[in-house]
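J.: For reference, the structure I am asking about is given below.
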Amino acid sequence: MKQIVKFILGLSFILYLYILMDLMFIRPENGMYAGHSLLEYIQASSNFVPFRTIAENIHGIAGNGMDTGLAIRNLTGNLFMFLPMGIYLPFLIRKIDGASRFVVAMTIVLIILEVAQVLTRKGVIDIDDYILNMAGALMGYGIWKTKLLQKLLKGIYS
């Protein structure tokens, strides 16, 4: 039974990664910066000011010139997209046994994905994406650390 559950969790992780890659890389590009060099693309599509995009989205939700549905999708999507990673990562990599190791591992994962999005021109580098993605992953990690989940997985994880 233990092996079956591990197999199902492994399979669900692969499915999660496929969905994540689809959302981040397989979606059609918008072509907004077509013809620009990589440096021009990075300059035009990057945000390194914390909470700028988050504030714009919240402002948009308040009905100030932005599509409300798009603003909500941007905020909730970036927040919840990495919540499962907060559960999968410590389950699959046992050395990630504390919050600080988890944050370091997630930072590496998120930076790699942000850079890959820019290099493939399928996304932007946005510090707010990092903030929301990390917050979602930390929520997942918090779920992972709950006594109920630990009790349920005790026989599988140990």
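J.: Six or more apart or on different chains, Cβ under 8 Å: which pairs go from a residue in the stretch 43-69 that's more than 26 Å from Val118 (Cα to Cα) and hydrophobic (A, V, I, L, M, F, W, C) to one that's surrounded by 11 or more Cβ atoms within 10 Å (Cβ to Cβ) and at pLDDT 85 or above? Could you list them?
T.: Ile61/Thr68; Ile61/Ala71; Ile61/Ile72; Ile61/Leu75
Here's the yes/no breakdown for (1) touching a helix residue (DSSP H, G or I) at 6+ places or on another chain (Cβ under 8 Å); (2) within 19 Å of Ile125 (Cα to Cα); (3) crowded, with 16+ Cβ neighbours inside 10 Å; (4) modelled with pLDDT of 90 or more:
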residue: Gln43; (1), (2), (3), (4): no, yes, no, no
residue: Phe51; (1), (2), (3), (4): yes, yes, no, yes
residue: Arg73; (1), (2), (3), (4): no, yes, no, yes
residue: Thr76; (1), (2), (3), (4): no, yes, no, yes
residue: Leu89; (1), (2), (3), (4): yes, no, yes, yes
residue: Arg101; (1), (2), (3), (4): no, no, no, yes
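J.: Against the definition (of a type in the set (Lys, Arg), without any contact (Cβ under 8 Å) to a residue 12 or more places away in the chain and either in contact with a Pro (Cβ under 6 Å, 6 or more places away or on another chain) or part of a loop (DSSP other than H, G, I, E, B) (or both)), how does Lys95 come out, yes or no?
T.: yes
J.: Scan the stretch 108-121 for residues that are surrounded by 14 or more Cβ atoms within 10 Å (Cβ to Cβ) and assigned to a helix (DSSP H, G or I) and report the count.
T.: Counting residues in the stretch 108-121 that are surrounded by 14 or more Cβ atoms within 10 Å (Cβ to Cβ) and assigned to a helix (DSSP H, G or I) gives 7.
J.: Any chance the stretch 104-111 includes a residue that's modelled with pLDDT of 95 or more, among the polar types (S, T, N, Q) and within 30 Å of Ser37 (Cβ to Cβ)?
T.: Within the stretch 104-111, one or more residues are modelled with pLDDT of 95 or more, among the polar types (S, T, N, Q) and within 30 Å of Ser37 (Cβ to Cβ).
J.: Still on this structure, I have one more. For the stretch 53-70, name all the residues that are surrounded by 14 or more Cβ atoms within 10 Å (Cβ to Cβ), in a helix (DSSP H, G or I) and either at pLDDT below 90 or acidic (Asp, Glu) (or both).
T.: Listed by number, the residues that qualify are Glu56, Gly60, Ile61.
J.: With the requirement that a residue be outside any helix (DSSP H, G or I), surrounded by 14 or more Cβ atoms within 10 Å (Cβ to Cβ) and out of contact with any strand residue (DSSP E or B) (no Cβ under 9 Å at 6 or more places or on another chain), what does the stretch 122-158 give you?
T.: Residues satisfying the conditions are Lys122, Gly123, Lys145.
The values are calculated or read from the model by the stated rules, or taken from the named source; none is laboratory data. Just so it is clear, the model here is predicted, and its values are computed rather than measured. As a convention, Cβ positions derive from the backbone with ideal geometry for all residues, glycine included, and neighbour counts pool all protein chains shown.
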